[in-house]
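This report refers to the structure that appears directly beneath it.
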Amino acid sequence: MKRDRVLVVDDQPGNVRVLGEVLREEYDVYFATSGEKAIEIAATSDVDLILLDVVMPGLDGFEVCRRLKSDDRTKGIPIIFVTAREEVSDETSGFDAGGVDYITKPIRPPIVRARVRTHLKLKHAHDLLESLASLDGLTGIANRRRFDACLEQEWKRCARGDAAFSLALVDVDHFKKFNDTHGHAKGDDCLRAVAQSLASLSRRPSDLAARYGGEEFGLIFPETDAGGMRTLMHGLIEHAPVSVSAGAITLVPALDRSPLLALQTVDELLYEAKANGRGQVRYADLIAGTRERIGMRLS
């Protein structure tokens, strides 16, 4: 069973050691002695909770907290301030910055363990509710709500890193006819099978396959270049359980452009695929300025 990860942030190594001794039996403990390092670790190490000192050189704890809460990658991590300050105004500043609790020094190990345990339980309950709210009830993959959120988040992340970003919309061909012929129960089975086929293409944590609506699905592949996207789209056509059509693009996002414009381009390519025989992907590499057809499923 995966252990929760707790990040301890304090510029005094002695304080870090004490908190490490208190927590290491139950948790995987990470350490940082500066605000800058804490932000770096939180963004890259899948941290579940942070114990954060307030008074530090450079970035103080309140500023670190504000920056973590403004980043999509770290805004959901609960932050408990650990400090010698006891003024009401300090506690208020901590909560205003986004902290969930406030522990005063000198620390009392039973109190620290209890507070950490409580806030981790609350986080896990919140994460479960978020997960359930983001799933499509029929297919079990992500729903439109999750797709829209992921599109916005990964678009910005790739724009900041000047990285390639690939996107596709997939439609089950002649689905109404399938439903009319085989019944809605078989139609539901068909959608579930297509969903699982698409989910198998999403192999990295940042990839996403989602039910976009009806018999239409969305695929998001951050940091995937044209060569990688072509391979994925060939696999889409070859391994889909029924005939599907798709529109797909690869581009480098820009922060001053909306991902909805990219989605509109993908939708136009999907329409083109359906209007020209179905069972295929119409793909545009917007980086190189090329367009092509991928696959042509006849069954």
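The values are calculated or read from the model by the stated rules, or taken from the named source; none is laboratory data. Values in this document were obtained by computation on a predicted structure and should not be read as measured data. Reconstructed Cβ throughout: ideal geometry from the backbone, glycine too, with neighbour counts over all protein chains shown.
Residues in region 261-283 that are among the small types (Gly, Ala, Ser) and more than 14 Å from Ser243 (Cβ to Cβ): Ala262, Ala275. The residue list Gly218, Gly183, Gly187, Gly227 contains one member that is under 22 Å from Asp136 (Cα atoms), out of contact with any Ser or Thr (no Cβ under 8 Å at 6 or more places or on another chain) and exposed (fewer than 14 other Cβ atoms within 10 Å of the Cβ), which is Gly183. Among the residues making up region 133-188, those that are aliphatic (A, V, I, L, M), part of a helix (DSSP H, G or I) and in contact with a Leu (Cβ under 8 Å, 6 or more places away or on another chain) are Leu151, Ala159.
Restricting Leu7, Leu68 to those that are crowded, with 21+ Cβ neighbours inside 10 Å, farther than 24 Å from Glu87 by Cβ and not small (Gly, Ala, Ser) reduces the list to Leu7.
Scanning region 123-146 for residues that are under 29 Å from Val6 (Cα atoms) and either surrounded by 14 or more Cβ atoms within 10 Å (Cβ to Cβ) or modelled with pLDDT of 95 or more (or both) returns Lys123, Ser134, Leu135, Ala142, Arg146.
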